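Worksheet: the structure to be examined is printed underneath.
The values are calculated or read from the model by the stated rules, or taken from the named source; none is laboratory data. Just so you know, these numbers come straight off a predicted model, no measurement behind them. Only protein heavy atoms, including side chains, enter the accessible area calculation; ligands, DNA and RNA are left aside. Shrake-Rupley method; radii C 1.70, N 1.55, O 1.52, S 1.80 Å.
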Amino acid sequence: MSAATDTQPRKGSRSERPARVPLGRDFGKLWTAAAFSNLADGVGRVAVPLIATTLTRDPLAIAAISALAFLPWLVFGLPAGMIVDRFDRRWIMAIANTIRGLAAVGLATLTVSGAITVWWLLAGVLVFGLGETLFDNATNSIVPTLVPRRGLDRANGFLQAAQITIDNFISAPIGGVLFAFSLALPLWVGATGYVIPIALALLLPLSAARPLREPRDLDRAATIAAQGEIASAEPLAAAELPAAAQPRPAEAVSAREALAYLWNHRFLRAMVLFTCVVGSAFAFAQAPIFLYFLDELAVDPAAIGFVTAGIGLGALVGSLIAPGLVQRFGRGRVMLAANVVAAAGLFGVWLAPEAITGTVAYAVMACAVSIWNVPWGALRQSIIPGHLFGRVLGIIRSLTWGIFPFATLLGGWVARFDLRLPFLIAAGVTLVATAVAVRLLLEASRHDAPED
């Protein structure tokens, strides 16, 4: 065959791309469980602040409600990670959603009876946050046990796309409309959304229960199952896994090993520090978000869900394009660009003269944050050993999300003077932090390829 007619890609040619790794049915169960939890979370995130606006118009008081959603990560993030590494992760997900469902029922009952106060809302948000530390930590820890390492970016993209789509396009508009009919109705709907993930979590395979000892053996087992080399096409039972990949016995776990690992990992330690700074800037900016649109841009309360849907469109686009961007440009360049674009979006919100412009600018910022979240999640899952993942993730989120409540409260205090000012300050902090961390962010591309 002549060179002119030989159209088959040669081995090692640039046109040859790696085959897409199938994610499997068990990841589908995990995805569905996370999706229904996101439905409940999204309705609650719209309902609770809106209920608060009927009780007070103080930006600092409303910011305190958002701040308490992150406070559990400061005080309970590490214990949650230890629990996830110690006990059956499937049951942890189920129990966490049971707690959150009961909290939603309690707030709905108080609202119907007219006994709801800001203090009850604060207590409810705190319980939601405690459940979230367990559910989210367990969910992130399970992903590497169900998906080959080459599929982690794609799996995280699907999870984030579901979260954004449901939070912003389904639950947020529904929450806003339901709120217009009845203050308590969104809470009842949210409580129902926590039920289905309980059953789905318990249907996950044994490999999801506890961390495996060797990520490479786990990756091999997941790949074999995905390619159909196991006749039943079902997940490997514990007895069928390689010896090194057997689930760890229920043994005592401590934080010391995870702390030492994170401290001695120079790159991961520096990335956590960067995330603390930039994430705090975002939390600072988001403190006055509801009052910004309600009072500064004159959005009707019943339409606030549609505003968040517009913002969510940008976030959804980001989560969907992130895996492709990472594959084409590498994690480092994508993560660097995402922070620059996020800063530009925040600056645009500060300048926005009306609701549409403000929504578009915020959507740009949300798109950039979503693009960042996908490779950052996959990066952690690629680097951290499976048996340490729950504790290390707990430490990371304790350090990052644990700071967010203070940043949110500070943003609410600044918003008392000017509802727009937090966005300008956050844009400046993000740009400066990104400029300082250029080399660090580009280093992330060294961790693109899975280890063999």
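Quick rundown of the values:
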read-out	value
Solvent-accessible area, 1.4 Å probe, carbon plus sulfur percent, for the stretch 357-429	77 percent
Area of residue 133 that stays accessible when all protein chains are in place (1.4 Å probe, Å², to 10)	0 Å²
